[in-house]
Amino acid sequence: MPRVFISAAHKSSGKTTLTLGLCAALVARGHAVQPFKKGPDYIDPLWLGMAARRPCYNLDFHMMQRAEIEQQFARAAAGARVSLIEGNKGLYDGLDLDGSNSNAALAKLLGAPVVLVIDARGMTRGVAPLILGYQAFDPDIRIAGVILNNLGGSRHESKLRAVIEHYTNVDVIGAVQHDPAMQIAERHLGLVPANEQQAAQASIQQVGDRVAAQVDLDRLLSIADSAPDREVASIDGETSSAERVRIGIAHDQAFGFYYSEDLDTLRASNVDLVQLDTLNASTLPQVDGLIIGGGFPEMFMAALEANALLRASIRRAIESGLPTYAECGGLMYLSRNLAWKGQTSEMVGVVPGDTVMHERPVGRGYARLQPTGDDHWQETDSIPAHEFHYSSLENLPAGSIYAYEVKRGHGIDGLHDGYQLHNLLAGYVHRRGTGRQGWITPFLKQVRAHKARAAV
């Protein structure tokens, strides 16, 4: 499994754009590239998956056990010419003092050599102690190459190459000049989702062309090939014997935050996923359950409001008991209305609260939930999760029933998350669906039980 971990000295060094370009450049050469993203982010994987033309998979210490990370990596990497694992933040950054959940820890777990992206703006001789320090900090990490980014011209590049060659034993495998054409539009949650931009593929090709011209792709593949052989017990997907069900899934410009691993798990669980376009569909199709993930409903609030037929159809279905799971943007869509920048748009209205957008994040970072005992899904274990939302849900009635107490994070009100009504579970936090603590197993249990009752 040839593999490279793309990391950086610090966040905002341009590693996502460069990883995107590397995926596109290698695919243009005819290689099968499997991308991975460390952490729980949804947006970067959308771009990386589009560039690689293969689904991108998340690897996250908070949401997954180490064995699960290794197995997920082995499953997805099988058959690829090379796997590119993009880190988040800096190489040694992480939650814990001991670095147990850092990018470096993931690189070690996967036995992946590291290519370090260095934002070289304003740097000359200082690049040497930076590289030497990163090498010395953890001798078990192999920094196999560096890519210099945001260079100020050929003279700047020559100086940096000379310094690195003189003081270090690390190869410069790429030198990328500062170029506004390499920038992808940003928004309050990060990169604009690829599923939202009609010109996304053109942007990817443009970045790929520039990276191909400024990075030694053969050297990158050589580094990937130097990764040590490893034996990982991969769990083959088992065919479920459970009854086949049809589940609607909101997937359009407004909603699209789903983990590739979870979509795989749903399909392997005898689920037919029926894509729902919340902006254009006039009615909810005949389904046994409904999933509405995260996204940017505030960017499309007028169009969502205008589609009154679908909103009414969804509300009737949920009020009639359709098992429904909604996260973050999905919760916002199911509320009474959504207010942002002086405008208010009517939403589905099945959740008796009002969504208000704010200038700063309300909930951000890793979260942990504890089932209240009142949850319809009858979960018992503490649940790892994460959240990143700029909105709050206000005016929920007293006595609302919540599935979870928030032990870390904010959730709906700082104390609770997982609003419940009928067979609806809707919250701000994002959970992993796959695994022992995932939401897929209890959700499908509810879906199949509801279908069986309806058939009587």
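Just so it is clear, none of the values below were taken in a lab; they were calculated from the coordinates. What you see is a predicted model; the values in this text were computed from it and never measured. Note: ideal-geometry Cβ built from the backbone for every residue, glycine included; neighbour counts use all protein chains shown.
One table, with the values for the structure above:
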read-out	value
Tilt relative to the chain, helix 66-77 - C-alpha long axis, 0 to 90 degrees, to 10	80 degrees
Qualifying aspartates and glutamates (Cα of each under 20 Å from Cα of residue 11; at least 8 residues distant if same chain)	41, 44, 60, 86, 93, 96, 98, 119, 138, 179, 186, 387
The chain: angle of helix 440-455 to the longest principal axis, Cα-based, in degrees nearest 10	30 degrees
Alpha-carbon radius of gyration plus Dmax, which is the widest Cα pair, for segment 3-225 in Å	16.3, 47
Footprinting exposure proxy for 335, 260, 226 (fewest neighbouring C-beta atoms within 10 Å first)	226, 260, 335
Fully extended contour minus Cα-Cα distance, from residue 267 to residue 202, at 0.36 nm per residue	20.4 nm
Förster radius 22 Å - calculated FRET efficiency between residue 286 and residue 456, Cβ distance, rounded to 0.05	0.75
Trypsin sites (Lys or Arg not before Pro), loop per DSSP, at most 15 other Cβ atoms within 10 Å - longest free stretch of the chain	126-229
Spacing of the two label points (7 Å from each Cα toward its C-beta) at residue 231 and residue 158, in nm	5.3 nm
Cα→Cβ-extended label distance, 7 Å offset, between residue 395 and residue 140, nm	5.4 nm
Principal axis box of the chain, alpha-carbon based, largest edge first, Å	75, 50, 42
Segment 15-77 - Kirkwood radius from inverse mean 1/r over Cα pairs (Å)	11.9 Å
Computed FRET value (nearest 0.05) for residue 100 with residue 309, which takes r as the C-beta separation and R₀ as 45 Å	0.35
Segment 245-455: C-alpha gyration tensor shape, a/c 1.5 cut-off, then a/b vs b/c	rounded
Inter-centroid distance (Cα atoms) of segment 83-134 relative to segment 408-456, Å	37 Å
Residues 379, 387, sorted so that the one with the fewest Cβ neighbours within 10 Å comes first	379, 387
Relative compactness, segment 350-456, computed as alpha-carbon Rg over 2.2 N^0.38 Å	1.10
All lysines inside 26 Å of residue 15 as judged from Cα atoms, apart from same-chain residues fewer than 8 positions distant	37, 38, 89, 108, 159
Degrees, to the nearest 10: 43-52 long Cα axis against longest axis of the chain	60 degrees
Charge context of residue 286, other residues only, Cβ under 15 angstrom, K/R +1, D/E -1	+2
Least to most buried among 85, 184 (fewest other Cβ within 10 Å first)	184, 85
